[in-house]
There are 4 protein chains.
Amino acid sequence: MDYVYGPGRNHLFVPGPVNIPEPVIRAMNRNNEDYRSPAVPALTKTLLEDVKKIFKTTSGTPFLIPTTVTFLIGQFSLLWIDQQQRLKFDVDVVESEWGQGANLDILASKLSSDRSHTIKAICIVHNETATGVTNNLATVRKLLDQFNHPALLLVDGVSSICAIDFRMDEWGIDVALTGSQKALSLPTGMGIVCASPKALEASKTAKSVRVFFDWNDYLKFYKIGTYWPYTPSIQLLYGLRAALDLIFEEGLDNVIARHNRLGRATRLAVEAWGLKNCTQKEEWFSDTVTAVVVPAYIDSAEIVRRAWKRYNLSLGLGLNKVAGKVFRIGHLGNLNELQLLGCLSGVEMILKDVGYPVKLGSGVAAAAAYFQNTIPLIPSRI
Amino acid sequence: MDYVYGPGRNHLFVPGPVNIPEPVIRAMNRNNEDYRSPAVPALTKTLLEDVKKIFKTTSGTPFLIPTTVTFLIGQFSLLWIDQQQRLKFDVDVVESEWGQGANLDILASKLSSDRSHTIKAICIVHNETATGVTNNLATVRKLLDQFNHPALLLVDGVSSICAIDFRMDEWGIDVALTGSQKALSLPTGMGIVCASPKALEASKTAKSVRVFFDWNDYLKFYKIGTYWPYTPSIQLLYGLRAALDLIFEEGLDNVIARHNRLGRATRLAVEAWGLKNCTQKEEWFSDTVTAVVVPAYIDSAEIVRRAWKRYNLSLGLGLNKVAGKVFRIGHLGNLNELQLLGCLSGVEMILKDVGYPVKLGSGVAAAAAYFQNTIPLIPSRI
Amino acid sequence: MDYVYGPGRNHLFVPGPVNIPEPVIRAMNRNNEDYRSPAVPALTKTLLEDVKKIFKTTSGTPFLIPTTVTFLIGQFSLLWIDQQQRLKFDVDVVESEWGQGANLDILASKLSSDRSHTIKAICIVHNETATGVTNNLATVRKLLDQFNHPALLLVDGVSSICAIDFRMDEWGIDVALTGSQKALSLPTGMGIVCASPKALEASKTAKSVRVFFDWNDYLKFYKIGTYWPYTPSIQLLYGLRAALDLIFEEGLDNVIARHNRLGRATRLAVEAWGLKNCTQKEEWFSDTVTAVVVPAYIDSAEIVRRAWKRYNLSLGLGLNKVAGKVFRIGHLGNLNELQLLGCLSGVEMILKDVGYPVKLGSGVAAAAAYFQNTIPLIPSRI
Amino acid sequence: MDYVYGPGRNHLFVPGPVNIPEPVIRAMNRNNEDYRSPAVPALTKTLLEDVKKIFKTTSGTPFLIPTTVTFLIGQFSLLWIDQQQRLKFDVDVVESEWGQGANLDILASKLSSDRSHTIKAICIVHNETATGVTNNLATVRKLLDQFNHPALLLVDGVSSICAIDFRMDEWGIDVALTGSQKALSLPTGMGIVCASPKALEASKTAKSVRVFFDWNDYLKFYKIGTYWPYTPSIQLLYGLRAALDLIFEEGLDNVIARHNRLGRATRLAVEAWGLKNCTQKEEWFSDTVTAVVVPAYIDSAEIVRRAWKRYNLSLGLGLNKVAGKVFRIGHLGNLNELQLLGCLSGVEMILKDVGYPVKLGSGVAAAAAYFQNTIPLIPSRI
């Protein structure tokens, strides 16, 4: 079954699915249970309460959806545009060059000219997994406030929430979502959506929102206290419980600080190697994934292949427009500094393998120098 | 976390989710993996090939969907009717009394009078989990053939496939589906759909089908050999592999025979207790779930509550129209005869607890007498 | 690997190793750790403190030995006699017929005549696993007190401690031991010994005791707070933690009461079948294992073989003098009433299989009638 | 329970217990079983057969002992000397300075002068875990042959077998032993001993050997085909099966080559840091553990403490004579190159933390340069 077994540990550095902590694997190591017994609603209640904390919301309503979020998302954008167009809605797609963040100037000008409020919703990805670009949601909110615009703010936080600073209430986000296999460090299979009171209100009337996901099914069961309109995965529920416990034990802000350390160290290594970050400006640098641009004479897919075949290292391919041109280092989820340094030294060897004149140890040294000054003591071990 | 822990094993006799075999729990006890590595397509390929065997099809195309099937189904019926009505389609719902199978006489008369073939599809549940009613799909096919009717035959096999005789090709079924947490004995989270060539063809033109699930996303990735349009659950893939291995080791026909033994023994026990099966005729008896009707002076929900609180036994509630009137014994999935006998003796004690004058040991004796004559030696231990 | 896989759950009713609770399996599902890190002593400290509770001692000193206790025991008796004889010690073996408890009259007369205290130690098995005989330790203590005799009281509590009432301090026991795979419901691999201050004192001078197990190695490391003179099994330590947590959650006295229910119900079933308990008097009946005598025309080993081959049921063989004459039902560890009833109905079918004219359901009915009047609600579910 | 949890993976670089591969953890994730069922002897038979391969013997007889080997060993040397002295045997201890291998010149001279063969056995540690010194067993055998000396050759292979070239038959070793938690990458709890026909023969007469471990108990059960004189750990048996499968899949020689790569790379890093290996000559360099000497102004224990508290890295302390003077990097078991590089970069940061003027990246670069030229493709992924 594990016919591709390699000795030692697989070094998983794709931007999701990420490493699952041992206590979470343990928590999910269980038989099925009757989800209609009183135990499951009692557990669910704590989960819904605690999930709000990772969205930094007190007024939002969370939903745990048994699905793959990347699927939702892929479908989401496509279906949404498609659906809305079929429903005679006008979708105004503001495209950016790959490697750039959302163009907020264009947004500002659109909002400023939309005096009749025909724009119903702003949809934005917090962290673009394909290029490692983080958008500034606080600024988006400021623009909406500045123009007193009532549009809903819908955010794809799949590769950001629980790893990059995210503040649902403070930034007035109306719908946000993430997936279990990203910063929560769970297996794939659960989408986590949080909706503001305004979004819930809007969903009662707006057909377009209701199409792709009907909150009312959930809300009905929330009200009667059994919580589930369908059979949930018992294993993922206990896994989520364990994952949240670990996050709270470390402290959400410490988790975010750790991701910042990992992101910075990775960028310092890339710089030391003399390579370029696909992200074009520092303000967009992502703390969960770094897309590294390779010289034209190298096929980045060969780097990914070799990593897996020779070093038991899993890196992310360049997708779509940047296929062959970038490889990606995912540095999110349950990961620490020494794991990243192992990965970076692997990347150095691979770069050399494929003919790039890197100085072995250069990236690791740059990252380690930064780490050595910033890694805190593990609180539980002081 | 397990704050409702009771000593010893939980006796799980709801009609899904069911007991997961230890080797399957073991197979899923793993970290995430990069699903874009060559390992995952290679594994998926064997799964798609082997999944066809449990549908008994060689020409069908299987799809593994990351979702909860009961949700799909619940949504399915509702959304489908709703959607089709919005699309100006005519949905002709043939309702049966609860406890009865599909009325095939009505179907026959409808088919016979539909000379212009306005009926596009027949949708039928193979085994109704709420009442323990199994419909005769072979007869449905015969009727379609008799009237030379081209309608698609769509089957919900959620609580039948892998436990009750099911023959996709032989019975000319066009779409069939099941869920991981039923007879496959996996956690919740994966829907397994199989489509006939005719259904695939129809999906290219029929809008109604395309709405709830777009096969084309999958087919595109099947063609390029990476198989997944989204991130699959690595754990469920390895779990499915282990579950199929166990089913094939036991032999699919032996699995079905075992379910027949479990079903018959349960019905003999119910009879011995002097209680009625909710299923009104023997031809509809289900081998995966038995809904037991309780006397009017007993609340069946109290039986279920007491089972859980006192005996660590999980039984199924009566749903909807039969709430309070029936309780359900699920006898599907990874289950053997002694487990069922333990359950039956538990039910006897509970019946006595709630005031029904059952003779302790009567149901167990009836079931055991049948088992003692029919249980085969375990092949691997002969 | 699991080439003897049978569908459903194995019904494990040997008198050890017993069923491991799911939370304990989960707790042991982990990688190795450095046992010299501060984490392991901290964990060990809680274990040593809590282990004393299951011995009901406050003054005793517990030792966790990385070995198989049945081995120790087997070796123990033999080696001890051998060793002591080599050391010119006099070993006075008081044998009882199989199925009888220790003859305390003989003990009384020996103690009464031993005015010069040449008897240095009384060695006694609390619960004899081979025949299901429980000795009365309180009476042994009374005899020692009555004759003011200073002999050490050494007790093999392998199949009693944590399942049958045991009171180290109250009964003045000097050395007691049990094994992980018995009532603690862990894997095999850890012996747990507890020594009274008197025993520790004696071990400083008595060569005979020091030979088989040297406490001083442990005590040295206890003093410096690292606890381990050798590498412990990290997995068993975490497993023991989880096992103790479950026992304390249920309540040690409730655990003992549950074993008493299981023992009584088993004996009622045996009686209903018209068979004899190998234990000759009620005062010696064991609550952890019942040895059932079969008629002369039946080979009890055939019952055990058939149980495994046809019913996925593991029963205990008759050993040594009662080989072929008895089979044993182990009812200890993490077990509840419905599990036992499943086992009993299995035994009924097997008895019929081998030609004994049992009335199916008779034993189950007798056991269930007793259970139905005595099973308490599960405290965590009230 | 995991109150010392740190984010990400613990980097376990003590010279045992070592990292357990995921498939092995999985294989041990199971309930107890009746060890008297036919399944356990069948499994044991394959284990005994396969264990011989890792000793490279065809004529030896292996024993799986339920104990902790380091305990045995610690006790072994001490008890042995003590016991033999008590039995009036003459023990001639040839001590070497710490950091040096066994002095084979002294051995040669002793053997040459022992014409009456009063020397009954040569006891030697293959790889000294405390200092990282590997002795040359082939030379020891040559000396014995050269002087035609019949002494038994007894080898402690605890930290060598399965990681460093070991050839029981070719080198005429009579007794060799290892422990589960070392290169086999299992939990602690199983000692594996292999005895040559000559050793078995000797054990029939020699009292001194019989004292610490009686093979006859085992051989009796080997003969009747049930294999176990006591209750084995079912979990460790299945774990051993999985561990051996992984070793054979990788290829024993590849496993040894991998350890050689890891050892060499570590030594290159130590050299690059300007530090000394505790092992004084290259011929004694160990491929499973490297003891690094720190400058006098640094307390090596502080390095180990800091590794754990800040970097989630577990290093080995200096023991006994070299306490405070060396720290140890264990590089054995289920480990790959990138894991080691992560560890080495961690050590660099710690060295800087404690005031040693290391150039960050220097050791990693030296190791990586060696690796980049030597790491083979993973065979299963070519």
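The values are calculated or read from the model by the stated rules, or taken from the named source; none is laboratory data. Nothing here was measured: the structure is a model prediction, and the numbers come from that model. When we count neighbours, we look across all protein chains shown, and the Cβ atoms used for this are built from the backbone with ideal geometry, even at glycine.
Within segment B:112-155, the set of residues being without any contact (Cβ under 8 Å) to a residue 60 or more places away in the chain and acidic (Asp, Glu) comprises B:Asp114, B:Asp145. Can you name every one of the helices (runs of 4 or more DSSP H) wholly within segment C:184-273 that holds 3 or more residues which are surrounded by 23 or more Cβ atoms within 10 Å (Cβ to Cβ) and within 22 Å of the chain's Cα centre (by Cα)? Once the helices (runs of 4 or more DSSP H) in segment C:184-273 are filtered for at least 3 residues that are surrounded by 23 or more Cβ atoms within 10 Å (Cβ to Cβ) and within 22 Å of the chain's Cα centre (by Cα), what remains is C:234-250, C:252-272. From the list D:Thr129, D:Thr118, the lone residue that is β-branched (Val, Ile, Thr) and more than 19 Å from the chain's Cα centre (by Cα) is D:Thr118.
Filter segment D:339-369 for residues that are within 21 Å of D:Leu186 (Cα to Cα) and aliphatic (A, V, I, L, M) and give the result. Listed by number, the list holds a single entry, D:Leu340. Go through the residues of segment B:198-205 one by one and say whether even a single one is modelled with pLDDT of 95 or more and of a type outside the set (Asp, Glu). Checked against the condition, which is being modelled with pLDDT of 95 or more and of a type outside the set (Asp, Glu), segment B:198-205 yields at least one hit.
Scanning segment B:230-286 for residues that are among the basic types (Lys, Arg) and in contact with a helix residue (DSSP H, G or I) (Cβ under 7 Å, 6 or more places away or on another chain), we see that the one that is nearest to the other protein chains (Cβ to nearest Cβ) is B:Arg241.
Restricting segment A:68-95 to residues that are touching a helix residue (DSSP H, G or I) at 6+ places or on another chain (Cβ under 9 Å) and assigned to a loop (DSSP other than H, G, I, E, B), the residue that is modelled with the lowest pLDDT is A:Leu87.
Looking only at segment C:313-334, count how many residues are facing another protein chain (nearest Cβ under 7 Å) and either surrounded by 24 or more Cβ atoms within 10 Å (Cβ to Cβ) or free of Cβ contacts under 8 Å to residues at least 12 places away in the same chain (or both).
Kept after step one, since they are facing another protein chain (nearest Cβ under 7 Å), are these residues of segment C:313-334: C:313-314, C:317, C:334.
Cutting the leftovers down to either surrounded by 24 or more Cβ atoms within 10 Å (Cβ to Cβ) or free of Cβ contacts under 8 Å to residues at least 12 places away in the same chain (or both) gives us C:313, C:334.
Matching residues across segment C:313-334 total 2.
Figure legend. Inter-residue proximity from segment C:284-305: first residues closer than 27 Å to B:Pro379 by Cβ and in the same structural domain as C:Leu262 (by TED's automatic domain parsing), second residues acidic (Asp, Glu) and part of a loop (DSSP other than H, G, I, E, B), beta-carbon distance below 6 Å, spacing 6+ or different chains. No pairs are indicated.
State all residues of segment B:32-64 that are touching a residue at least 40 places away in the same chain (Cβ under 8 Å) and within 9 Å of chain A (Cβ to nearest Cβ); if no residue qualifies, say none.
Of segment B:32-64, the ones touching a residue at least 40 places away in the same chain (Cβ under 8 Å) are B:32-33, B:35-36, B:40-41, B:43-48, B:50-64.
Selection gives B:Asn32, B:Glu33, B:Tyr35, B:Arg36, B:Leu43.
When you scan segment C:345-356, do you find a residue that is touching an Asp or Glu at 6+ places or on another chain (Cβ under 9 Å), buried (at least 24 other Cβ atoms within 10 Å of the Cβ), at positive phi and at the interface with another protein chain (Cβ under 7 Å from one of its Cβ atoms), even just one? No, that holds for no residue. Hey, among the residues in segment B:111-128 that are in contact with a Ser or Thr (Cβ under 9 Å, 6 or more places away or on another chain) and over 17 Å from B:Thr139 (Cβ atoms), which one's surrounded by the most Cβ atoms within 10 Å (Cβ to Cβ)? Among residues in segment B:111-128 that are in contact with a Ser or Thr (Cβ under 9 Å, 6 or more places away or on another chain) and over 17 Å from B:Thr139 (Cβ atoms), the one surrounded by the most Cβ atoms within 10 Å (Cβ to Cβ) is B:Ala121.
If you filter segment D:23-50 down to residues that are of a type in the set (A, V, I, L, M, F, W, C) and under 25 Å from C:Gly239 (Cβ atoms), you find that the one that is farthest from the chain's Cα centre (by Cα) is D:Ala39.
The combined condition, being more than 8 Å from every other protein chain (Cβ to nearest Cβ) and of a type outside the set (Ser, Thr, Tyr), is not fulfilled by C:Arg310.
I'd like the full set of residues that are surrounded by 21 or more Cβ atoms within 10 Å (Cβ to Cβ), out of contact with any helix residue (DSSP H, G or I) (no Cβ under 9 Å at 6 or more places or on another chain) and either assigned by TED's automatic domain parsing to the domain that holds D:Arg310 or in a helix (DSSP H, G or I) (or both), limited to segment D:19-59. Selection gives D:Phe55 alone. Here D:Ala163, D:Ala176 are screened, and the one residue that is assigned to a loop (DSSP other than H, G, I, E, B) and either under 22 Å from D:Gly318 (Cα atoms) or in contact (Cβ under 8 Å) with a residue 24 or more places away in the chain (or both) is D:Ala163.
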